[in-house]
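Chemist: Below you will find the structure I want to go over with you.
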Amino acid sequence: MDFKGIIKEQREELASIERQEKIIPREKQEEARKVLTHPNILAVLGIRRCGKSVFSYLLAKESRLGYINFDDERLVGLGSEDLDKILISFYELYGELDYLILDEIQNIRNWELFVNRLRRTKRVIITGSNSTLLSGELARHLTGRYIDVELFPFSFKEFLLKKTFKEAPAYTAQEKGEIFNYLNEYLQLGGFPEVYKFGRVILSRIYENIITKDILLRHRITKIDELKKLANYLLTNFSQEATYSKLANILGIKRVSTISNWISYLENSFLIFRVERFDFKLKKQFIAPKKFYGIDPGLINFISFQFSDNLGRLMENVVAIELQRRKSAELLSAIYYWKDHQQREVDFVIKKEKKILELIQVTYASRKQDLKARELPSLMKASQELRCQNLTVITWDYEARENQLRFIPLWKWLLNRENS
């Protein structure tokens, strides 16, 4: 196999993207760069097409680097015995190397020992679109001697950079109008970088690749239609409560364990994530209904085709994604929702260790009178029960502070401008 030809083509493709497209700095870039001040392994994990390859390339492009992407049909069927041949090809092409980027390395059988050997003298960046990448042999061989970073599709802050909108200490009425227009666009199109190059049609390809490559083929699932229906159902009914038994009945699946396994595959591929209902008793928390959110609002809109009807729920989903992003940066430890026996509900409970830090309610409201009758009483009841006085209501365009209640527009919250 012509490894050198493949390596040169893939490297030129990355360089071409950098030359021809507007590449923006990602929020986790500095965090990742600090990891690689010495020989080490950085694992960049995240959903397909969220920018992991470019992110990794930009970390190492000023140094001597070798790059190969194993998600290439010409490399199908490679085994660990081929990895040394690829390493030799790197040396023949570039001489001594400081960095090695091994893109979608999970496609190669028994890759872990090879990466562990490289770690002793090289800065190694591995990427993967499956969260189980680090749960097997690599974790056992390295015993914690690696750092992982989860990359998401563009956040709203990154989206504004892509649109060349500059943040400022304060905004005019016209600039605020621009921000709301951009927020509407972000809620419709989402944050996959390629959407802004190829349009919404690329979401179809991304979604099909995730379902086919990361789930159906990887896990050898034979009930193809049922798995696809489950993925579509969860993305269409995002932010809604569901139980595994209910999902099994809807899809006509006899075993609830099958649904549980399929959902774990969807989660491991970063397509969805789960939020548990909070309860002080772990057993009740375990058996309570779950909420599922999509990793990107554009992908949700592509599947559900109901943007105008879903605006409030899309706001909730975007908040859930941002909370996941902050959680991955270790700013938060756990995210739940709350509901009592009288069906009073709070969208998010933020917990760190044993302490409830914050309760968050999300609502599509531009004035206080637009708030739904149940939203504030539910928040106050949860505050009393969970002994938390830090209460946030994320709105569309209403801002105020009333005792322990803080109302903040979604755009401000997403840009971390909560005190400005």
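Chemist: Per the helix-only calculation at 222 nm, which mean residue ellipticity applies to the chain, given -39500 (n - 2.57) for every DSSP H run of n ≥ 4 and division by its residues, nearest 500 deg cm²/dmol?
Modeler: So the calculated ellipticity at 222 nm is -12500 deg cm²/dmol.
Chemist: Assuming R0 = 41 Å, can you tell me the calculated FRET efficiency for the pair residue 342 and residue 417, based on Cβ-Cβ distance, to the nearest 0.05?
Modeler: 0.70
Chemist: While we're here: Please turn the phi angles of the stretch 156-165 into ³J(HN,Hα) values with the Karplus equation 6.51 cos²θ - 1.76 cosθ + 1.60 (θ = phi - 60°), one per residue in order, whole Hz, x for glycine and proline.
Modeler: Running phi through 6.51 cos²θ - 1.76 cosθ + 1.60 with θ = phi - 60° gives 5, 4, 5, 4, 5, 4, 4, 8, 6, 8 Hz.
Chemist: Note down the magnitude of the dipole of the stretch 3-151 about its Cα centre, charges +1 on Lys and Arg C-beta and -1 on Asp and Glu C-beta and zero elsewhere, to the nearest 20 debye.
Modeler: Here the size comes out at about 360 debye.
Chemist: So which of 52/122; 4/34; 254/290 end up more than 27 Å apart, counting from Cα to Cα?
Modeler: 4/34
Chemist: Taking every DSSP beta bridge with both residues inside the chain, roughly what % is antiparallel (nearest 5)?
Modeler: 40 percent
Chemist: With a cap of 15 neighbouring Cβ atoms within 10 Å, and only residues DSSP puts in a loop, list the GluC sites (Glu not before Pro) found in the stretch 353-420.
Modeler: For GluC sites (Glu not before Pro) across the stretch 353-420 that sit outside H, G, I, E and B with at most 15 neighbouring Cβ atoms in 10 Å, the list reads 353, 399, 418.
Chemist: Okay, next question. Taking a ≥ b ≥ c as the square roots of the eigenvalues of the Cα gyration tensor of the stretch 158-414, is the shape rounded (a/c under 1.5), prolate (a/b larger than b/c) or oblate?
Modeler: Oblate.
Chemist: Does the stretch 1-122 come out rounded, prolate or oblate by the C-alpha gyration tensor, with a ≥ b ≥ c the root eigenvalues, rounded set by a/c under 1.5 and, if not, prolate when a/b is larger than b/c and oblate if not?
Modeler: Rounded, because the longest to shortest axis ratio a/c is under 1.5.
Chemist: Towards the positive end of the charge dipole of the chain, with charges on Cβ (+1 Lys, Arg; -1 Asp, Glu), say which of 275, 118, 215 has the farthest Cα.
Modeler: Result: 275, furthest along the dipole toward the positive end.
Chemist: For the stretch 358-420 and the stretch 1-76, what is the separation of their C-alpha centers, rounded to whole Å?
Modeler: Distance between centres, Cα-based: 40 Å.
Chemist: Sticking with this structure for a sec: Assuming R0 = 30 Å, can you tell me the calculated FRET efficiency for the pair residue 224 and residue 309, based on Cβ-Cβ distance, to the nearest 0.05?
Modeler: 0.55
Chemist: Follow-up. Quick one: which residues, 5 or more positions from residue 240 or on another chain, have an amide H under 5 Å from its amide H? H modelled 1.01 Å from N in the peptide plane, none for Pro or chain starts.
Modeler: 292
Chemist: How many lysine pairs in the stretch 298-420, separated by 8 or more positions in sequence or lying on different chains, have Cα atoms less than 21 Å apart?
Modeler: 18
Chemist: What's the magnitude of the charge dipole for the chain around its Cα centre, counting Lys and Arg as +1 and Asp and Glu as -1 at the beta-carbon? Answer in Debye, nearest 20.
Modeler: The calculation lands at about 1180 debye.
Chemist: Taking the mean number of other Cβ atoms within 10 Å as a proxy for protection, how do you rank 70-76, 115-121, 219-225 from highest to lowest?
Modeler: 115-121, 70-76, 219-225
Any read-out appearing in this document is the output of simple, stated calculations on the displayed coordinates, not a laboratory observation. Keep in mind that what you see is a predicted model, and the values were worked out from it rather than measured. Neighbour counts are summed over all protein chains in view; Cβ atoms, including those assigned to glycine, are modelled from backbone coordinates with ideal geometry.
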